[in-house]
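*Asks:* First, the structure itself, so that you have it in front of you.
The values are calculated or read from the model by the stated rules, or taken from the named source; none is laboratory data. Predicted model, so just to flag it, every value in this text is computed and none were measured. Methodologically, a virtual Cβ is constructed for each residue, glycine included, from the backbone with ideal geometry; neighbour enumeration extends over all protein chains shown.
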Amino acid sequence: YKNFTTLQETKIEEIDVDFVHLRHKGSGAEIIHLRNKDAENVFSILLKTYPGDDTGVAHILEHTVLCGSKKYPVRDPFFSMIRRSLNTFMNALTAKVWTCYPAASMNRQDFYNLLSVYIDSVFFPLLKEESFKQEGHRLELVEGDNSHLEIKGIVYNEMKGVFSSPSSLFFRTMLQKLCPGHIYGYDSGGVPEHIPELGYREFLEFHRRYYDPSRAVYFFYGNIETESHLQFLEEHLLSHAPAQTPIEKLPPIIRFDKPRYDEGYYPATDEKATLFASVSWITCPITDSETVFAISFFDILFMQHDASLLKKALLQAELCTDAYSYLDNEMREVPYGIILEGIKSEDAAKIEPFILDFFKNFRSKSIDKMQIEEVLHQLEFSRKEIDASTYPFGLDLFFRAVIPALQGAEITDGLHINSHIAKLRKNLQEKYFLEKLIETHFLNNPHRLTFIMRPHTKLGEETKAKETLLLKKRMDALSEKEKETLREEKWQMDAFQARKSDPNVLPILSLSEIPAKSTYFPLTRIRDDNLTYFHHNAFTNDIAYVEIVMDIPQMDPSDLMYLKLFADLMCELGTKMRSFAKNLSHIHLYTGGLTSFLALNVQKFNADTTHPTFSLAGKALSKNIPELFSLFRDMLLELDVTDSRRLKDLIDQTVTQMTHALPSLASKFSLLEAQSSFSPWDYVSSLWHGRPYYLFLCSLAKNLSGLPEKLEKIKQALFHLNVPHVIITASEEQFGLMQEKTLSAFSKIGSLSVPFRPWIELPSPPPASNSLIGLDTLIFSNSLVFETVALSHNLAAAIKLTSYMMEHLHLHKIVREQGGAYGARTRYNILTGLFQIYSYRDPNCTATFHAFLSAADELIKDKFTDGDLFEAKLSYIQDVDGKVPVGSRARTTYFQHKVGLTPEIRDELRHRALTTGRAEIREAACLISEGLKKAVLSAYVPKSAQEKTWHELETEIKRPMKMVPFNS
């Protein structure tokens with residue numbers, strides 16, 4: 001490789017990649033390529049970024065470098081490229097001590113377009129002060145009857161949203177107290193009260209120090225040849241990059257000489273709300289891969305699911321309603337924590353002694369061989385599965401291998417699994433291996449923190465009052481000259497945000513590079529006497545993905561939330577042959593997990609018609625396919641819903657999780673609130689996924705009377721077994737083995753069918769109303785929903801494109817850049833005709849609704865370019881052609897057919913979208929504008945601002961609003 005030195009080149013058989021590790025001769029920059037046959041090519045530019053405080057400088061810089069660069073001097077190249085490409089992934093991520101800039105595409109030209117923009121943005125950004133103020137923080141003078149100062153900024157509001165979540169607040173505070181005085185103890189995202197302390201000069205200096213081409217790691221994955229990547233880097237960056245002194249290694253964490261105890265508080269409305277607690281340690285160095293892997297094994301054995309050793313004991317002792325673990329394999333020294341939620345105040349002091357006593361009393365001889373195999377199977381499965389997360393597989397490998405290497409681990413350690421398992425098997429044969437591991441890293445380790453976080457009913461108000469008082473003092477101290485300076489800065493910011501830039505300096509794909517037909521995953525349909533099978537042939541790395549689909553029978557409206565509860569709980573219960581604990585262990589021994597869920601499947605051309613279904617899905621290695629189908633049979637025929645103690649534990653867990661996640665759920669709840677009145681099925685969606693379901697669970701947690709009988713009734717109705725459909729993604733070889741050894745026996749369940757009545761009678765939705773719901777949060781979640789035309793209308797494709805243009809040209813500018821919200825989106829459901837506009841982590845409500853209601857105005861006036869329209873078409877293609885994880889391909893095609901979206905209809909819609917002209921966009925915008933006049937509004941607002949917001953909306957938006965208590 002010209003101008004590059006090869007450090008290592010080897011084949012990693014387990015994941016079928018060629019590993020290439022190089023160093024650039026001139027700059028010293030590192031390049032890593034995982035080369036294979038995958039057409040989804042991935043890159044990531046990785047930098048060490050060590051924060052020195054809680055101002056969020058690394059996070060603000062990650063935002064701001066993507067606001068224009070030397071070669072691409074447009075205000076927002078990142079968001080512009082999202083809509084000018086066919087990317088399958090684009091993002092920028094800030095972690096504790098690193099920042100990375102990843103993207104992926106299945107189009108070669110598109111891939112290099114993205115890489116070009118990222119390289120220039122990262123290393124040659126404009127970093128204008130206005131961009132820093134827009135993305136980070138700024139002080140604005142708001143003048144009028146009540147003149148006052150406001151802190152604005154996208155990151156500032158994003159982190160206010162993050163810190164509104166009790167779980168997030170707990171976790172971040174715990175880590176800070178586990179690593180006091182160390183870089184790991186700072187919050188790289190930024191703590192809201194400290195973000196305004198960051199100055200522009202310090203911000204620029206941080207970029208100068210850490211963002212040097214020679215100090216970066218350049219990661220590539222996919223089927224593009226290594227030489228092309230190297231040539232691109234050489235020509236566009238590295239040939240001009242002199243070598244710099246590498247960023248120093250992180251200092252070791254200063255170890256505690258004795259265990260510590262600390263407490264904190266989170267905002268709550270009820271003084272009797274439950275507590276959080278954790279017991280956490282700093283364990284071994286990341287370079288000790290053998291011990292890190294052993295601790296990963298220990299973690300699964302003790303804490304992975306409700307039947308795992310320690311988690312089961314904690315739940316049975318009723319010390320908490322939920323427990324989980326934290327293991328970070330990115331830090332220089334690996335932290336491990338056991339986190340408990342839903343703790344009664346009187347039990348807080350019992351947590352640490354209980355956990356330590358459990359460790360002291362543990363004996364490895366008490367666990368049987370199957371428990372060991374269960375954990376090893378989970379480790380093997382997690383490393384083998386392709387597309388297990390929302391990230392591209394190449395990016396998963398990047399996080400698994402390259403990030404730990406940043407702190408000294410071997411890169412290839414994260415790519416192997418078989419050798420780690422073989423070594424661990426050998427170690428487990430040693431007498432007392434696990435006991436020694438526990439003694440060394442947990443019992444005799446003085447670097448232990450026990451941290452308790454208690455509810456504080458005044459904390460939210462005190463935080464807001466503190467900010468208000470601080471700003472008032474600053475306001476009162478302002479001289480007239482200082483006020484004039486703030487006015488001038490506001491004028492400059494407004495001018496900066498209103499300034500138009502030429503997006504045509506950015507690369508873009510041409511129409512000829514867009515595939516004419518939609519992506520389609522063919523299914524083979526096979527019918528026997530009792531069942532129908534649908535198989536999609538794909539390489540799955542020896543994993544089979546199977547889903548049993550059954551039509552839902554007629555349900556009484558009063559049973560709808562019980563039906564959702566049944567689907568949520570099913571795979572956590574036992575059977576008549578196995579207790580829940582044994583069943584969970586059995587599932588994890590033989591599969592990658594079972595899930596059950598509901599789908600409404602609204603039909604094309606008729607939004608009042610659906611084909612609701614229930615699914616039971618699972619995945620397994622080829623050798624375990626018979627056991628997977630055996631589990632399906634057990635769950636369908638032998639499920640035990642009579643264990644009241646188990647039902648209570650699961651409901652308590654869910655309530656605890658949702659309660660602590662309410663600030664994050666607010667945006668989703670708000671949308672469901674707004675759309676619930678439009679049709680029976682929108683109402684059902686709200687009952688299943690919105691605030692009513694949460695309140696239903698809270699009510700059940702107080703009184704489980706009659707629940708087993710209800711669930712038994714649901715089970716008997718649901719599992720009618722009238723010709724279930726079996727959806728399979730697997731290779732031809734795997735499917736052939738299924739047909740030989742498994743499917744014929746499984747098909748017999750179809751002979752057990754009982755009478756079935758289709759779901760025809762629809763529940764009546766409530767009347768429409770605009771609502772304001774108060775919540776313990778620092779930010780707003782705003783939603784607006786209206787009904788327009790659906791798929792059969794000739795303007796449906798144009799409305800889809802118009803929705804993207806409203807978001808790109810109006811909402812992004814007004815709600816995010818000017819208003820400071822983290823995001824504002826549009827969503828048009830072409831099957832139902834529902835059109836949604838919403839914002840999240842938003843500091844505003846009234847101003848945002850003004851922006852929503854005027855979002856189509858400029859398009860009606862023809863104030864858009866042909867380029868804007870073409871970008872909308874690319875956004876549409878991204879949505880419909882986005883990469884589908886291999887395990888979801890069969891079900892994707894199956895459910896497309898279920899709702900009536902045949903390949904012919906999808907291709908016809910695609911053609912209409914790609915040939916839409918300006919006149920059709922104007923017509924669509926007019927239709928949308930008419931719909932906005934009848935839109936239903938909903939917002940989740942800080943409780944302290946509920947009455948003020950209600951008055952503003954009634955006065956300025958002139959829509960009748962209802963203040964709705966959250967618990968109503």
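*Asks:* Quick check on region 265-287: of everything there that is part of a loop (DSSP other than H, G, I, E, B) and not hydroxyl-bearing (Ser, Thr, Tyr), which residue is modelled with the lowest pLDDT? Steps first, please.
*Replies:* Initially, region 265-287 is screened for residues part of a loop (DSSP other than H, G, I, E, B), giving 268-274, 286-287.
Those still in the list that are not hydroxyl-bearing (Ser, Thr, Tyr) too: 268, 270-273, 286.
Values: 268: 87, 270: 84, 271: 80, 272: 83, 273: 88, 286: 95.
In this case the residue turns out to be 271.
*Asks:* Kindly indicate the residue of region 355-391 that is at pLDDT 95 or above and touching a Phe, Trp or Tyr at 6+ places or on another chain (Cβ under 6 Å) and also surrounded by the fewest Cβ atoms within 10 Å (Cβ to Cβ) among those meeting that condition.
*Replies:* That would be 359.
*Asks:* For region 859-968, please list each of the helices (runs of 4 or more DSSP H) lying entirely inside it that holds at least 3 residues being of a type in the set (Ser, Thr, Tyr).
*Replies:* Details: elements: 866-881, 889-898, 903-914, 918-932, 946-952.
In region 859-968, 889-898 are the helices (runs of 4 or more DSSP H) which contain 3 or more residues that are of a type in the set (Ser, Thr, Tyr).
*Asks:* Just to be sure before I move on: is residue 158 touching a helix residue (DSSP H, G or I) at 6+ places or on another chain (Cβ under 9 Å), farther than 25 Å from residue 269 by Cα, in a helix (DSSP H, G or I) and in the same structural domain as residue 57 (by TED's automatic domain parsing) in the structure I sent? Before you say what the answer is, go through the steps one by one.
*Replies:* Numbers: touching a helix residue (DSSP H, G or I) at 6+ places or on another chain (Cβ under 9 Å): yes; farther than 25 Å from residue 269 by Cα: no; in a helix (DSSP H, G or I): yes; in the same structural domain as residue 57 (by TED's automatic domain parsing): yes.
The answer is no for residue 158.
*Asks:* Another question, then. Taking the conditions exactly as written (out of contact with any Leu (no Cβ under 9 Å at 6 or more places or on another chain) and buried (at least 16 other Cβ atoms within 10 Å of the Cβ)), does residue 465 satisfy them or not?
*Replies:* Values: out of contact with any Leu (no Cβ under 9 Å at 6 or more places or on another chain): yes; buried (at least 16 other Cβ atoms within 10 Å of the Cβ): no.
No.
*Asks:* While we're looking at this one, here's another question. With the structure loaded, tell me whether residue 146 is touching a Leu at 6+ places or on another chain (Cβ under 6 Å), over 30 Å from residue 253 (Cβ atoms) and not assigned by TED's automatic domain parsing to the domain that holds residue 819 or whether it fails that test.
*Replies:* Numbers: touching a Leu at 6+ places or on another chain (Cβ under 6 Å): no; over 30 Å from residue 253 (Cβ atoms): yes; not assigned by TED's automatic domain parsing to the domain that holds residue 819: yes.
Judged against the criteria, residue 146 is not a match.
*Asks:* Take region 47-58 and flag every residue that is within 10 Å of residue 96 (Cα to Cα) and in a helix (DSSP H, G or I).
*Replies:* Applying the first criterion (within 10 Å of residue 96 (Cα to Cα)) to region 47-58 yields 48-51, 58.
If the condition is that a residue be within 10 Å of residue 96 (Cα to Cα) and in a helix (DSSP H, G or I), then 58 is the only one that fits.
*Asks:* Considering each of 341, 290 in turn, give the residue that is within 31 Å of the chain's Cα centre (by Cα), assigned to a helix (DSSP H, G or I) and either in the same structural domain as residue 271 (by TED's automatic domain parsing) or not charged (D, E, K, R) (or both).
*Replies:* Details: 341 fails: assigned to a helix (DSSP H, G or I).
Sole residue among the options that is within 31 Å of the chain's Cα centre (by Cα), assigned to a helix (DSSP H, G or I) and either in the same structural domain as residue 271 (by TED's automatic domain parsing) or not charged (D, E, K, R) (or both): 290.
*Asks:* Right, residue 561: of a type in the set (A, V, I, L, M, F, W, C), surrounded by 18 or more Cβ atoms within 10 Å (Cβ to Cβ) and either in the same structural domain as residue 707 (by TED's automatic domain parsing) or part of a strand (DSSP E or B) (or both) or not?
*Replies:* On the way: of a type in the set (A, V, I, L, M, F, W, C): yes; surrounded by 18 or more Cβ atoms within 10 Å (Cβ to Cβ): yes; either in the same structural domain as residue 707 (by TED's automatic domain parsing) or part of a strand (DSSP E or B) (or both): yes.
Yes, satisfied.
*Asks:* Now a separate question. For residue 119, indicate whether it is part of a helix (DSSP H, G or I), surrounded by fewer than 22 Cβ atoms within 10 Å (Cβ to Cβ), of a type in the set (A, V, I, L, M) and not assigned by TED's automatic domain parsing to the domain that holds residue 825.
*Replies:* On the way: part of a helix (DSSP H, G or I): yes; surrounded by fewer than 22 Cβ atoms within 10 Å (Cβ to Cβ): no; of a type in the set (A, V, I, L, M): yes; not assigned by TED's automatic domain parsing to the domain that holds residue 825: yes.
No, not satisfied.
*Asks:* Let me ask something else. Hey, among 668, 619, which residue is assigned by TED's automatic domain parsing to the domain that holds residue 563, part of a helix (DSSP H, G or I) and either modelled with pLDDT of 95 or more or aliphatic (A, V, I, L, M) (or both)?
*Replies:* Values: 619 fails: part of a helix (DSSP H, G or I).
Just one listed residue meets the conditions, 668.
*Asks:* Just to be sure before I move on: is residue 848 crowded, with 21+ Cβ neighbours inside 10 Å, assigned to a helix (DSSP H, G or I) and either in contact (Cβ under 8 Å) with a residue 12 or more places away in the chain or assigned by TED's automatic domain parsing to the domain that holds residue 677 (or both) in the structure I sent? Walk me through how you get there before you give the answer.
*Replies:* On the way: crowded, with 21+ Cβ neighbours inside 10 Å: yes; assigned to a helix (DSSP H, G or I): yes; either in contact (Cβ under 8 Å) with a residue 12 or more places away in the chain or assigned by TED's automatic domain parsing to the domain that holds residue 677 (or both): yes.
Spelling it out, residue 848 is indeed crowded, with 21+ Cβ neighbours inside 10 Å, assigned to a helix (DSSP H, G or I) and either in contact (Cβ under 8 Å) with a residue 12 or more places away in the chain or assigned by TED's automatic domain parsing to the domain that holds residue 677 (or both).
*Asks:* Next question. In the set 318, 330, which member is outside the structural domain of residue 540 (by TED's automatic domain parsing), under 26 Å from residue 421 (Cα atoms), of a type in the set (D, E, K, R) and surrounded by fewer than 22 Cβ atoms within 10 Å (Cβ to Cβ)? Let's see the steps before the verdict.
*Replies:* Values: 318 fails: under 26 Å from residue 421 (Cα atoms).
Going through 318, 330 in turn, the sole match is 330.
*Asks:* Right, next: Please work out if residue 14 is touching a His at 6+ places or on another chain (Cβ under 7 Å) and either closer than 30 Å to residue 498 by Cα or not in a strand (DSSP E or B) (or both). Write out each step before concluding.
*Replies:* Numbers: touching a His at 6+ places or on another chain (Cβ under 7 Å): yes; either closer than 30 Å to residue 498 by Cα or not in a strand (DSSP E or B) (or both): yes.
Spelling it out, residue 14 is indeed touching a His at 6+ places or on another chain (Cβ under 7 Å) and either closer than 30 Å to residue 498 by Cα or not in a strand (DSSP E or B) (or both).
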